[in-house]
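First the structure, in the form of structure tokens, and then the observations on it.
The values are calculated or read from the model by the stated rules, or taken from the named source; none is laboratory data. If you're wondering where the values come from, they're calculated on a predicted model, not measured in any experiment. For neighbour counting, all protein chains shown are included, and Cβ atoms are generated from backbone atoms with ideal geometry for every residue, glycine included.
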Amino acid sequence: MISWKNLTQGALIRDLKRIRENKTGSWRSLKPIWNKEKCINCYRCWMHCPDAAIIIKNDKVVGINYDYCKGCGICAHECPRKIQAIIMVREEK
């Protein structure tokens, strides 16, 4: 299996600080729930998340940054079907 570290860089955001000033998590109606026990650290959720909301530390997925997650569901869709480490649930406000 290819490591996420070996992937070709697709884009570069130079001013990440400006992006991080605008928290977008309040927009969502669905919330991804990550299950640590089921996760195989394939990084598919991280690679496809358009908001960079998947948190990786020490080469492992450790959670989701809900301040920036818009609830699009791409992470859950990209998680291998047999694994289903991320599921979408209705957001409780």
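A search for C-beta distances below 7 Å between a residue of the range 58-78 that is farther than 12 Å from Trp34 by Cα and any residue that is surrounded by 15 or more Cβ atoms within 10 Å (Cβ to Cβ) and β-branched (Val, Ile, Thr), counting only pairs 6+ apart in sequence or on different chains, returns nothing. Of all residues in the range 1-34, those that are at pLDDT below 85, assigned to a loop (DSSP other than H, G, I, E, B) and polar (S, T, N, Q) total 5.
Scanning the range 34-52 for residues that are free of Cβ contacts under 8 Å to residues at least 40 places away in the same chain and under 12 Å from Ala76 (Cβ atoms) returns Arg44, His48, Cys49.
Applying the condition of being aliphatic (A, V, I, L, M) and under 9 Å from the mean Cα position of the chain (by Cα) to the range 62-74 and asking which residue is surrounded by the most Cβ atoms within 10 Å (Cβ to Cβ) yields Ile64.
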